[in-house]
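Bear in mind that the values in this text are calculations on the coordinates, not laboratory data. None of these values were measured; they are calculated from a predicted model. Quick reminder, even Gly has a Cβ in these numbers, built from the backbone with ideal geometry, and neighbours come from all protein chains shown.
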Amino acid sequence: MRGQPQDSTVPALSPPTDDSIPAGPEHWIALAKQNYPALKKLASQSREYAFEAQASNRMRWPMLNLQASYAQRSAKDAMTGMPLDNMYSFQAGISLPLFSNHQQKKMAQSMEAMRRSTDYESSQLARDIEARLRTLHEIAVHAVQSLQIYRERIIPADEDALNGAMAGYSANRLPLTNLLTYALNVYRDRIAEKQLANQLAQTLAEVSKYTADPATLPAGQPNTKN
């Protein structure tokens, strides 16, 4: 969407939280099976082929048509005065698929073969998505754990070491090169923390490609699912 105007109604992105990551990937897998457009399309095609196969099979059987009509008339003819009876009519017809039986059979077999092919494609795609979501879950969990270590242990330790080095440098007990080394450690680990946060955000964005319901996307937001 580079170079194209953006809708101001689209909400700003918020940093991912630990709560957005389930304990296991099963929740993501269930959402993907329910919402991923490609799987929904294949399921719809499979149902369509199944209905067409059933219709072709039904056309191979004889068809019986029954019709009945009833007309209620006045008791006497207005002109002659003769009594009139109510009218009843019954019709029955039967059609035999003598010439279309073979054609309908081939059509039903063709539709059934296409349904099985679609089901196989859907099953294979579902397995691929499941494997990918399991991998993404492992990446997300590892990123969250690493972020926690950086934010709660490594970066605070670097900042404490830098503060101590600055005190030593102010007291002329530490050379400038050592002070710069402590400062570089802080910035290096902060950059690593930002990279992990970016990796987590990208991972969850890919997860949402499989799990998000297109109906819940904001108006004007493109659907990038393939």
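Before moving on, here are some points about what is shown:
- Whole-Hz Karplus values for the stretch 205-212 come out as 5, 5, 4, 5, 4, 8, 9, 6 Hz, taken residue by residue from phi with 6.51 cos²θ - 1.76 cosθ + 1.60 and θ = phi - 60°; glycine and proline positions read x.
- Each residue of the stretch 191-200 is assigned a 3J(HN,Hα), and the resulting list reads 5, 4, 5, 5, 5, 5, 5, 5, 4, 5 Hz, derived from the Karplus form 6.51 cos²θ - 1.76 cosθ + 1.60 (θ = phi - 60°), x at Gly and Pro.
- Three-way shape call for the stretch 82-217 based on the alpha-carbon gyration tensor, with the a/c threshold at 1.5: prolate
- Members of Lys33/Lys209; Lys40/Lys209; Lys40/Lys106 lying beyond 18 Å, as alpha-carbon distances in this model show: Lys40/Lys106
- With a Förster radius of 22 Å applied to the C-beta separation of Ala92 and Arg58, the computed FRET efficiency comes to 0.65.
- Gyration tensor verdict on the stretch 126-179 (Cα atoms; rounded if a/c is under 1.5, prolate if a/b is larger than b/c, oblate otherwise): prolate
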